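A short write-up of the structure that comes next.
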Amino acid sequence: MYQEFLLLPKGVQDLLLYVKESQTSDEGFGEGNPGHYCEFDSEGMKPHLPEDIMIAKKIPWVIFDEEESDIPNPYKEHVYGVAFISIKEDALTKIPEIGSELDNRE
């Protein structure tokens with residue numbers, strides 16, 4: 001069930017874990033605006049790297065909100081911004097829960 005998720009780089013896995021948590025949690029954005037604001041920075045100062053955002057953007061079951069997001073520019077020296085990402089409802093089962101046995105992956 002998680003095979004597609006496990007093939008992704010760890011940074012993308014981490015990003016999707018937090019998107020799912022935000023999207024499905026009572027404390028998240030809820031049904032009206034499900035998803036997660038993913039802060040990214042090429043120098044590692046924010047939780048995610050621009051390359052992880054770009055990989056996630058290409059996944060067919062990930063929704064990248066173009067209007068709410070900064071699009072990373074791989075040609076700039078320092079890249080930073082925020083991307084609003086959500087996961088299609090029928091794909092939520094592809095991602096484990098935070099704290100599950102898969103959360104201890106290397």
Margin query: Given the options I87, I63, name the one that is under 24 Å from Q3 (Cα atoms) and in contact with a helix residue (DSSP H, G or I) (Cβ under 8 Å, 6 or more places away or on another chain).
Written below: I87
Check: Any residue in segment 24-31 that is surrounded by 15 or more Cβ atoms within 10 Å (Cβ to Cβ) and not in a loop (DSSP other than H, G, I, E, B)?
Finding: yes
Next item on the list: Return the total of residues in segment 56-83 being in contact with a strand residue (DSSP E or B) (Cβ under 7 Å, 6 or more places away or on another chain), more than 15 Å from E43 (Cβ to Cβ) and hydroxyl-bearing (S, T, Y).
Entry: 1
Checklist line | Matching entry among P47, P74 (being open to solvent by 60 Å² or more (accessible area, probe 1.4 Å), closer than 19 Å to K10 by Cα and at pLDDT below 95) | finding: P47
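The values are calculated or read from the model by the stated rules, or taken from the named source; none is laboratory data. Because the structure is a prediction, the values reported are computed rather than measured. Positions of Cβ are generated from backbone atoms using ideal geometry, with glycine treated the same way; all protein chains shown enter the neighbour counts. Ligands, DNA and RNA are excluded from the accessible area calculation, which covers all protein heavy atoms including side chains. Shrake-Rupley method; radii C 1.70, N 1.55, O 1.52, S 1.80 Å.
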